[in-house]
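Below: one structure, written as structure tokens.
What follows is calculated from the coordinates using simple rules that are stated; it is not laboratory data. As the structure is a prediction and not an experimental result, all values here were calculated from the model. Cβ: placed from backbone, ideal geometry, glycine included. Neighbour counts: every protein chain shown.
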Amino acid sequence: MKLYKYLLASFIVTLTIVCSTHIVYANDIKVIDQSHILDTDEKKALTDRINDVVTKYQFDLVILVVNSTDGKDINSYADDYFDENGYGIGSQYDGALFILDHIGREMAISTSGYGITVFTDYGIDYVFDELVDDMSAGHYYQAFDKYITLSEKLIRDAKYGTPYDVKQEATEPKNYPMALTIGICGGLIIALIVTQNMKSKLKSVKPVNNAGQYIDQNGFVLSNSQDIFLYTTLTKTKIPEPTQSSSSSQSHSSSPSRGGSSTHTSSSGRTHGGGSRKF
């Protein structure tokens, strides 16, 4: 009886762990190519790269290639595909899905959870700018590979610094202590060379004990002084009246010029960010 209870308890614990793991790591199919524009090796290479990002940052990445969006606009199709196929990590479904409509020649990014913070509107435009040439030339594998690289940069910036946004740059990790040490040492070496060079040119100069020889013996005597006020100039500038701007009906929305991330609600009722571009 004790053995039976032990086995039952072990089974329940194992089942709980398996279910929890499924929830955390979401759908494990990361590259879906319905147009067959990628070969087996390319799909595997992209999947391996995505899994590295997922493991490192607990952030889901998906690449989807379709021939049609079934009459939906591409953003809505991407949102629904993300929701209905179990993508996103954690309770907020953190992640991003990149979709390519191969026939319609349009690409889009759907973001969810922490992905809305990572991929700002400005950041999404930046990604599209980087991919559009490869997409237009039909270099799809190169474009997808670059997308994963750019996504990891944006995730890293958001987690360890500031999300890529207006007047912000995606950054590589920097070794500031090393850079500071090199800068100080370099400055000292240059200063030493300059001062030694200046010292070598002063061989004819001899030190003196006082400065008496440099003083004019006749001296300078100021017998009278007076301050005279001449005039005043006053300049006036009119401050323009502030113009009243109308507020948006969607307080959560944004644009690349203002910064932040635009959001909308998918058919399942979940919040997504994202954007699209034709090429």
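Net charge around Lys146, counting only other residues with Cβ within less than 13 Å of its Cβ (Lys, Arg = +1; Asp, Glu = -1)? Working shown, then result.
Values: positive: Arg49, Lys153; negative: Asp129, Glu130, Asp133, Asp134, Asp145, Glu152.
Its environment carries a net charge of -4.
At 0.36 nm per residue, and after removing the present C-alpha to C-alpha distance, how many nm does the segment from Ser68 to Arg105 gain when stretched out fully?
Length gained between Ser68 and Arg105: 12.3 nm.
In whole Hz and in residue order, list the ³J(HN,Hα) couplings for the range 268-279 that follow from phi through the Karplus curve 6.51 cos²θ - 1.76 cosθ + 1.60, θ = phi - 60°; x for Gly and Pro.
Karplus values, whole Hz, x for Gly and Pro: 8, x, 8, 8, 9, x, x, x, 8, 7, 8, 9.
Within the range 55-74, what residues put their amide N at less than 13 Å from the label point 7 Å along the Cα-to-Cβ vector of Gln34?
Inside the label zone: 64-74.
Roughly what % antiparallel, to the nearest 5, for the DSSP beta bridges in the range 58-143?
Percent antiparallel among DSSP bridges in the range 58-143 is about 55.
Cut-off 17 Å, label point 7 angstrom out along Cα-to-Cβ of Thr149: give me the residues of the range 115-136 whose amide nitrogen falls inside.
So the set is 126-136.
Report the gain in length on full extension from Asp41 to Asn27: 0.36 nm times residue separation, minus Cα-Cα distance, nm rounded to one decimal. Don't skip to the answer; put the middle values down first.
Working: separation 14, 0.36 × 14 = 5.04 nm, distance 2.04 nm.
Between Asp41 and Asn27, full extension yields 3.0 nm more.
Just to be sure I understand the model, the point goes 7 Å from the Cα along the line to the Cβ. What's the resulting Ser268 to Leu192 distance in nm?
Between Ser268 and Leu192, the label points sit 6.5 nm apart.
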